[in-house]
Amino acid sequence: MFRILAERLKQGSRTLDWPRKEPALSPRYRGRPELADTACGDCRACYAACPAGALFTRADAPGRTPLLDMARCIFCGACAEVCPEGAIRFSRDYRVAAASREGLLVGPRAAGGEGAGGAPADPAALMGDRFRLFRRSLKLREVSAGGCNACEADTNVLGTLVYDLGRFGIEFTASPRHADGLVVTGPVTRNMCAALVDTWAAVPRPRLLVAVGACAISGGLFREAPECLGGLGGTAGDTGPGAPAVADTLTEAGLTPDIYVPGCPPNPWSILAGILALRGEGRPLIPDWTLSVGPGQTIVRG
Amino acid sequence: MHEFDYRKAVALNEVPVLTAEALGERILEHVRDGWRVLAYFGLPEAGGDGAVGLCCVLAHDAEQRLAAARTAPLTAFPSLAEACPQVELFEREIYEEWGILPEGHPWLKPVRRSPDAPGGSGRDFYRVDGSEVHEVGVGPVHAGIIEPGHFRFQCYGEIILHLEIALGYQHRALMALLRPRAAAEPVAALRLAECAAGDSSVAHATALCVLRERLLGLGELSERCQRLRRAGLELERLANHCGDLGAIAGDTGFLPTSSWNGRIRGDFLNLTATLCGNRFGRGLLAYGGAAWGLSSEECADMAGRLAATGRDAAGSAKTMFASSSVGQRMAGTGQVTEALAREIGLVGVAARASGLPRDARFHAPLSSLPQAAPGPRTERTGDVFARAEVRRAEMEDSLTMVEADLDWLGRHPEDAAERERAHGMEKAALAQLPPQRLAVAQVEGWRGEICHVGVTGPDGDFLALRVVDPSFHNWTGMALAMRGGQISDFPLCNKSFNLSYCGYDL
């Protein structure tokens, strides 16, 4: 008993007073990308270097800095490394979550208005009262649907004493019937589709859905795997070629995320900030210079 | 069988083509002589007309030798599963992936098709009959934040007679994606290999890099690269062993260590992030080297944090092992005997806990860097206690090794000439692969030996690229460890093995 207490004193208190205090991230951490608008000419170095197919040519400016789709991005930094113009850099901002699939598209910061279109998205304004019910208490159930265990591990870690998820009234439950929503990781494998749909059906309404990681949003590196359904993002072209019928099952079951946390895997602070943003808490989700692609605009794949 | 040095690629024409019967006999002979099966797979003929033969790679750990043999294309072969249980799962995989029938296999259950797979008709489970026998099914979705798998218990009262584990839910067809990319788009393939099992990102990336380097015959890398890679690998071991000890403590109801280790594990992950920006070590490895270096100041900063984290980890583990209730709960739970471990081909922590000195850092070292211990850390009892104790001891060794690496890196800043050489090596490592070669990479990940086997065809593409995660060998051990135990032992036992679902499902 005394031994335990003595060790307890040595281990100290390690919970970070977040969001009042900011976490100390690695100097090499790659957070939300920032793009500068440059004339690229025929240079396609970033497209060639990207292992995730995350770069898109802007329909309105084909010869300039492309769009970066955080839905697919694995934040490896390869594009930034090869860009001769230094047009792409990864900031240290870990607040990367967005409330829509389109909100994950990052365009070049507008120098003089061009390319700007995204509205500042304060979570309180964006989410409104939709999830007000869950302000004081939010119970979530996690489903790994083909995840590699990295997103799972960095979601699980929120329960440890550094993050202390419980102080926000948030808890992961053992049963979907006790949950207010699901957190899904992984590209959704064909083999896991039925279990995911069943689990979602077992969550009482109103319910919410969180997609964590590039796989869960777009299929990530497994976007083209016939055994995977391309995640929950549901944007055309992101569906695994082998399984359109099964992918439809996901849509029919209403598995459309309310919040998207990109990354491979996202930093735990990104996940925590994302979940809090869902309730309209925390700082703006999407910075005002992010290009939002509306229904009228088309994207040409590079 | 063609025998060769584990570091060397062999020309495919040196690997003898045997009949299926002869291959089976050779495998049995070798296993009797102390060899074990590393990989056993279908090897498609060059030309892609769908004809597939078999290829088997074995290892003799004490002699640091490998052996390989293959067959001509075939559609069936005599099963060895009864005589040599460690090939049982490989034979099912061969049947599932290439349709080659292992004749006489006791039960050709699916390997990676879950019972819920679309178009599937469910699956038969082994069933024990009797008036007081009952069956308990768990999963695929479990109570914690954990990957999916289905567990089916056959119980008599409280006692588990049999546990059957059905996996496949995480099957992403990783090997099918990896095979063409590893030759044509090697860097993209490396990013994919890092997702084979997220908690073993560094180990799987190391294996794919080493495989390519061996196929190209690049020879040993610079000491700097070796130390950077080893630091990444050992930090991965520290983080996961630490997390596992915490999880075991949690399942014995000992909350202090459970709580502390959750935090300490994160500190180890953050040290990895200092190295390469990613907590799981993604992006650390590059073919022919390491993608990141460390300055003297960064080394000093990391060494200081490592020492503090190491002290916390040691104190936390000591508190746990000093608790008699923890010790009693772990002792005797989920036992695997040495004979059983050898028979089913266990690897990694689970094998060492049962007394088998299997550790690829010793039987297939990637470099000539000194180890922290004279040999693999082994225990004799093969229970949860032994698996926890192996982890505790290995954390001490890993700390010593990372300290040594940081110390060396801090004292040897990279100069321009060396950087030049390193770039040359990295460029050489991206060259087109030589045709008709077979090479093997064995990397001791924290869970156990990760094995990547590559066979190139006439144009330098991969005819076969096999990824064998330690979980592939060890899930059977987990199932057998539960016999005679109770369902309440299952979570604790499961934590002590901590096997990967996606690493098995791939």
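The values are calculated or read from the model by the stated rules, or taken from the named source; none is laboratory data. Quick caveat, the model's predicted, so the values are computed rather than measured. Heads up, the Cβs are rebuilt from the backbone with ideal geometry, glycines too, and the neighbour counts pull from every protein chain shown.
A few points about this structure:
- Tally, over the range B:343-364, of residues that are surrounded by fewer than 18 Cβ atoms within 10 Å (Cβ to Cβ) and either under 21 Å from B:Val440 (Cβ atoms) or of a type in the set (Val, Ile, Thr) (or both): 2
- Check on A:Arg109, of a type in the set (Lys, Arg) and at pLDDT below 90: yes
- B:Glu418 being among the charged types (D, E, K, R), assigned to a loop (DSSP other than H, G, I, E, B), modelled with pLDDT under 95 and out of contact with any Phe, Trp or Tyr (no Cβ under 6 Å at 6 or more places or on another chain): no
- Within the range A:132-169, tally of residues that are more than 20 Å from B:Asp267 (Cβ to Cβ) and aliphatic (A, V, I, L, M): 5
- So A:Ala202, is it without any contact (Cβ under 8 Å) to a residue 60 or more places away in the chain, small (Gly, Ala, Ser), surrounded by 19 or more Cβ atoms within 10 Å (Cβ to Cβ) and within 11 Å of chain B (Cβ to nearest Cβ): no
- Residues of the range A:1-48 satisfying the condition of being closer than 21 Å to A:Pro265 by Cα, in contact (Cβ under 8 Å) with a residue 12 or more places away in the chain and within 8 Å of chain B (Cβ to nearest Cβ): A:Leu25, A:Tyr29, A:Arg30
- Exactly one residue out of B:Leu23, B:Leu58, B:Leu80, B:Leu66 is in contact with a Gly (Cβ under 9 Å, 6 or more places away or on another chain), modelled with pLDDT of 95 or more and either on the phi < 0 side of the Ramachandran plot or assigned to a strand (DSSP E or B) (or both), and it is B:Leu80.
- The set of residues from the range B:486-506 being crowded, with 21+ Cβ neighbours inside 10 Å and outside any helix (DSSP H, G or I) comprises B:Asn498, B:Leu499, B:Ser500, B:Leu506.
- Counting only strands (runs of 3 or more DSSP E) that sit completely within the range A:1-116, those holding 3 or more residues that are over 29 Å from B:Leu275 (Cβ atoms) correspond to A:55-58.
- Scanning the range A:141-165 for residues that are in contact (Cβ under 8 Å) with a residue 24 or more places away in the chain and in a helix (DSSP H, G or I) turns up A:Ala150, A:Cys151, A:Glu152, A:Ala153, A:Asp154, A:Thr155, A:Val157, A:Leu158, A:Leu165.
- Yes/no for B:Phe125 being modelled with pLDDT under 95 and of a type in the set (A, V, I, L, M, F, W, C): yes
- So B:Glu93, is it under 29 Å from A:Thr249 (Cβ atoms) and out of contact with any Gly (no Cβ under 7 Å at 6 or more places or on another chain): yes
- Selection status of B:Ser131, polar (S, T, N, Q), without any contact (Cβ under 8 Å) to a residue 60 or more places away in the chain and within 12 Å of chain A (Cβ to nearest Cβ): no
- Residue, farthest from the chain's Cα centre (by Cα), within the range B:26-45, restricted to residues that are farther than 25 Å from B:Arg342 by Cβ and in a strand (DSSP E or B): B:Pro44
- Check on A:Asp180, without any contact (Cβ under 8 Å) to a residue 12 or more places away in the chain and either on the phi < 0 side of the Ramachandran plot or within 10 Å of another protein chain (Cβ to nearest Cβ) (or both): no
- Considering only residues in the range B:192-227 that are under 24 Å from B:Leu499 (Cβ atoms) and charged (D, E, K, R), the one that is surrounded by the fewest Cβ atoms within 10 Å (Cβ to Cβ) turns out to be B:Asp199.
For every residue, the table says whether it meets (1) hydroxyl-bearing (Ser, Thr, Tyr); (2) within 12 Å of chain B (Cβ to nearest Cβ).
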site: A:Arg130; (1), (2): no, no
site: A:Ser137; (1), (2): yes, no
site: A:Leu140; (1), (2): no, yes
site: A:Pro187; (1), (2): no, yes
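- Counting only residues that are of a type in the set (Asp, Glu) and within 10 Å of chain A (Cβ to nearest Cβ), the range B:274-300 holds 1 of them.
- Of the strands (runs of 3 or more DSSP E) lying entirely inside the range A:166-222, not one is found with 3 or more residues being among the charged types (D, E, K, R) and under 16 Å from B:Glu147 (Cα atoms).
- Exactly one residue among A:Ala78, A:Ala39 is touching a Gly at 6+ places or on another chain (Cβ under 9 Å), farther than 29 Å from B:Gly262 by Cα, at pLDDT 90 or above and buried (at least 19 other Cβ atoms within 10 Å of the Cβ), and that residue is A:Ala78.
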